1. In percent, what relative contact order does segment 20-128 have, based on Cα pairs under 8 Å that are 6 or more apart in sequence?
2. Please list, ordered by chain and number, the residues whose modelled amide H lies under 5 Å from the amide H of residue 48; skip anything fewer than 5 residues away on the same chain.
3. To the nearest 0.05, what FRET efficiency results for residue 61 and residue 108 with a Förster distance of 25 Å applied to their C-beta separation?
4. Please give me the summed charge of the neighbours of residue 125: other residues whose Cβ is under 10 Å from its Cβ, Lys and Arg +1, Asp and Glu -1.
5. Once fully extended, how much extra length lies between residue 120 and residue 94, figured as 0.36 nm per residue of separation less the alpha-carbon to alpha-carbon distance?
Amino acid sequence: MEEKGLERRACQRFKIPGATVSYAKGKLALKKKEEYTEEFCPVVDLSRGGVQFLVQKPLKYKTKLTLKIAIPGERVPLTLKGEVRWSAPNPGKSYKYQVGIQFYPYGEKEDQNYPGNLVKIIALEQKFLEQAEPSKEIDESKKDEFSI
């Protein structure tokens with residue numbers, strides 16, 4: 001029996017303010033002059049297994065993509081391959097659609113993503129999840145306060 005509302009993702013999602021995605025459809029060998037379908041699309045969230053971002057054009061289920069994810073403060077964008085798992089309208093917003101991409105596995109084979117990208121995503125995950133968590137420390141100035 002399947003329960004509705006359970007999170008199926010195995011990887012924790014996190015937000016990176018200012019991160020953007022440029023993508024190209026199909027299998028791309030990294031050419032000198034890359035032609036992207038859309039550029040500088042805002043990232044909603046990222047995980048080890050995929051990325052959600054906003055686009056102007058709808059993307060079909062299972063469309064193969066090459067992504068360049070630009071992270072503020074990082075000199076080199078992450079280049080990853082994956083495919084569209086879902087696409088949905090984003091009514092009333094400046095970007096007309098949201099899209100979810102599942103990354104291909106990490107490894108050394110042709111259709112796999114460079115394992116160093118996984119290491120980088122894990123480091124980003126640790127950095128941005130720590131920033132998102134509220135501090136659990138007790139404010140020393142208020143520790144002995146009480147009210148009547």
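1. Reported as a whole number, the value is 23 percent.
2. 12
3. Using R0 = 25 Å, I get an efficiency of 0.35.
4. In short, +3.
5. Gain in length upon complete extension: 6.3 nm.
Since every read-out is calculated from the coordinates, none of them should be taken as a lab result. Quick caveat: nothing in here was measured; it's all calculated off a predicted structure. For neighbour counting, all protein chains shown are included, and Cβ atoms are generated from backbone atoms with ideal geometry for every residue, glycine included.
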